[in-house]
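Engineer: The structure follows.
The values are calculated or read from the model by the stated rules, or taken from the named source; none is laboratory data. Not measured: the values here are computed from a predicted model. Cβ placement follows ideal geometry from the backbone for every residue including glycine, while neighbour counts extend to all protein chains displayed.
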């Protein structure tokens, strides 16, 4: 698949590397070229300096029509804006934003934007490590009202156990509200 | 603004909020008011958050507010003085106290500060007291609740 | 009306002051505490030191009963999120966003922001109206922003000169409806033949400009130019 990642932080770089190793075409953007130092030398994808919330920048970088778009900058708002540009203007079917404010994550899920929440992910991974039940809150809110486009079965697998190259994105079970 | 150092005290605004210090504040104001026969306004400000309009009815709130003012009046009766009760609704307690002191042309504003026994015991100034100290148009007296005795 | 203003920069500050003077109930959300205190010292207890794009901050500000939410921070992404949260999570009737990058206007409209104020576009608009270049001149937005009113000066080299209106290859959805000759505006008829120096007025969708350029101005549009 063709994947676009906005934000080359630790997670962005790791995801870019994993997708690249798995043989996917990866485009990663960041406003700072220094951020690309996080990418391994073996990375074969494209790294473009630019603002992921700027439609022109995204188009010029070749984000149009990608299969997957993931916004992972440090700003919740930048992430949801980038995602909506990707979905509405660039025709990307599968879009995921990192949103750390739980209320915002829920609100955007209600609007059909899939969100991923670091706090919940980490808390659940720690609880799982301690052999305790999880928080019960979904770390990934799939956008409601849209079929989740990535066909990965729902599995609250611990983050650490995720094999490199696969994507731990989970949608709600069919029939679940 | 008047230099308040030597201004004779004719009008005192006493702020009450339902805390344990309310009777102390009223009694303290009474000792100052008595010799000069100053009038005492007892003020209670109900803070209304932005989810409600200021002019809306707050029936439950005013019942509680009335109770707070009643306790203040009972304290005043014990020391033989009369109070003029004022009940206000506002977005910010500190600003409302300052505004009321100005509107009443008070020469003195008396507030109370309870002793918090939780978390090791402390006086917690919060936001209202510092705001009033910085912005009041007259002298401000803060009546502290006595600290509990050691070993109590 | 009860209005929530988000962003206590110059715009938010003066907006709040003017709204209060006009007799409205206003609360201003400003996330920088020091700035929030400065403003409330000046205009009173109408400021909450909270980040308005946080759901809980909008809830505390009374978004449940707000008539209008105006997002006027300096960051487009914040303004978008504030308006979307207000609209979708709190069912606020009217949302207004300040848009700094004019390219975001269409996106914001498309994503449900009711009104868009673009200072950049406004200034750009007045500059463009002042400069007599042989280009298409954007006069105004119409129909909620999907259409625009465009003026074109038919200068030397324009392929429209000497042609009848009916023979001009107009782009899809564009209508030539008036022209100005010798300072007189006249309706365009099928048989109207254009001359050098005519100004023609067109209504059309925003994306027709490139094609229109070819028909009325004639020079090739550079790739990538808008």
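Engineer: Just to verify a result, which residue in the stretch B:86-103, among those that are surrounded by fewer than 19 Cβ atoms within 10 Å (Cβ to Cβ) and more than 14 Å from chain C (Cβ to nearest Cβ), is nearest to residue B:31 (Cα to Cα)?
Structural biologist: B:86
Engineer: Counting only residues that are touching a strand residue (DSSP E or B) at 6+ places or on another chain (Cβ under 9 Å) and over 20 Å from residue C:10 (Cβ atoms), how many does the stretch C:63-77 have?
Structural biologist: 4
Engineer: Within the stretch C:82-108, restricting attention to residues that are within 7 Å of chain A (Cβ to nearest Cβ) and over 28 Å from residue C:205 (Cβ atoms), which residue is modelled with the highest pLDDT?
Structural biologist: Among those that are within 7 Å of chain A (Cβ to nearest Cβ) and over 28 Å from residue C:205 (Cβ atoms), it is C:85.
Engineer: Shifting gears a bit: Taking the stretch A:87-113 as the search range and keeping residues that are within 19 Å of residue C:110 (Cβ to Cβ) and assigned to a strand (DSSP E or B), which one is farthest from the other protein chains (Cβ to nearest Cβ)?
Structural biologist: For the stretch A:87-113, the residue satisfying everything is A:95.
Engineer: Something else now. Would you say residue C:47 is surrounded by 20 or more Cβ atoms within 10 Å (Cβ to Cβ) and either at pLDDT below 95 or under 14 Å from residue C:82 (Cβ atoms) (or both)?
Structural biologist: No; evaluated as a whole, the condition is false for this residue.
Engineer: Only one of (1) within 25 Å of the chain's Cα centre (by Cα); (2) modelled with pLDDT of 95 or more; (3) surrounded by fewer than 20 Cβ atoms within 10 Å (Cβ to Cβ) fails for residue C:69. Which number is that?
Structural biologist: (3) is the only condition that residue C:69 fails.
Engineer: Is the stretch C:30-45 home to any residue that is touching a residue at least 60 places away in the same chain (Cβ under 8 Å) and out of contact with any helix residue (DSSP H, G or I) (no Cβ under 9 Å at 6 or more places or on another chain)?
Structural biologist: no
Engineer: Hey, which of the helices (runs of 4 or more DSSP H) in the stretch C:1-113, taking only ones fully inside, have at least 1 residues that are within 22 Å of residue B:90 (Cβ to Cβ)? Let's see the steps before the verdict.
Structural biologist: Numbers: elements: C:10-21, C:33-43, C:55-60, C:76-84, C:105-110.
Passing ranges, in order: C:10-21, C:33-43, C:55-60.
Engineer: Can you tell me which of C:59, C:63, C:71 is touching a residue at least 24 places away in the same chain (Cβ under 8 Å), farther than 28 Å from residue B:99 by Cβ, in contact with a helix residue (DSSP H, G or I) (Cβ under 8 Å, 6 or more places away or on another chain) and more than 7 Å from every other protein chain (Cβ to nearest Cβ)?
Structural biologist: C:71
Engineer: While we're looking at this one, here's another question. Which of the residues spanning the stretch B:82-125 are assigned to a loop (DSSP other than H, G, I, E, B) and within 29 Å of residue C:27 (Cα to Cα)? If you could, list the steps in order and put the result at the bottom.
Structural biologist: Step one: filter the stretch B:82-125 for residues assigned to a loop (DSSP other than H, G, I, E, B), giving B:82, B:91-92, B:104-107, B:114, B:117, B:121, B:124-125.
Listed by number, the residues that qualify are B:91, B:92, B:104, B:105, B:124, B:125.
Engineer: Then there is this: Scan A:134, A:165, A:143 and give me the residue that is at pLDDT 80 or above and in a loop (DSSP other than H, G, I, E, B).
Structural biologist: Only one candidate qualifies: A:134.
Engineer: Do any strands (runs of 3 or more DSSP E) entirely within the stretch C:162-219 hold 2 or more residues that are touching a strand residue (DSSP E or B) at 6+ places or on another chain (Cβ under 7 Å), in contact (Cβ under 8 Å) with a residue 60 or more places away in the chain and assigned by TED's automatic domain parsing to the domain that holds residue C:151, and if so, which?
Structural biologist: Where strands (runs of 3 or more DSSP E) fall fully within the stretch C:162-219 and carry at least 2 residues being touching a strand residue (DSSP E or B) at 6+ places or on another chain (Cβ under 7 Å), in contact (Cβ under 8 Å) with a residue 60 or more places away in the chain and assigned by TED's automatic domain parsing to the domain that holds residue C:151, they are C:199-205.
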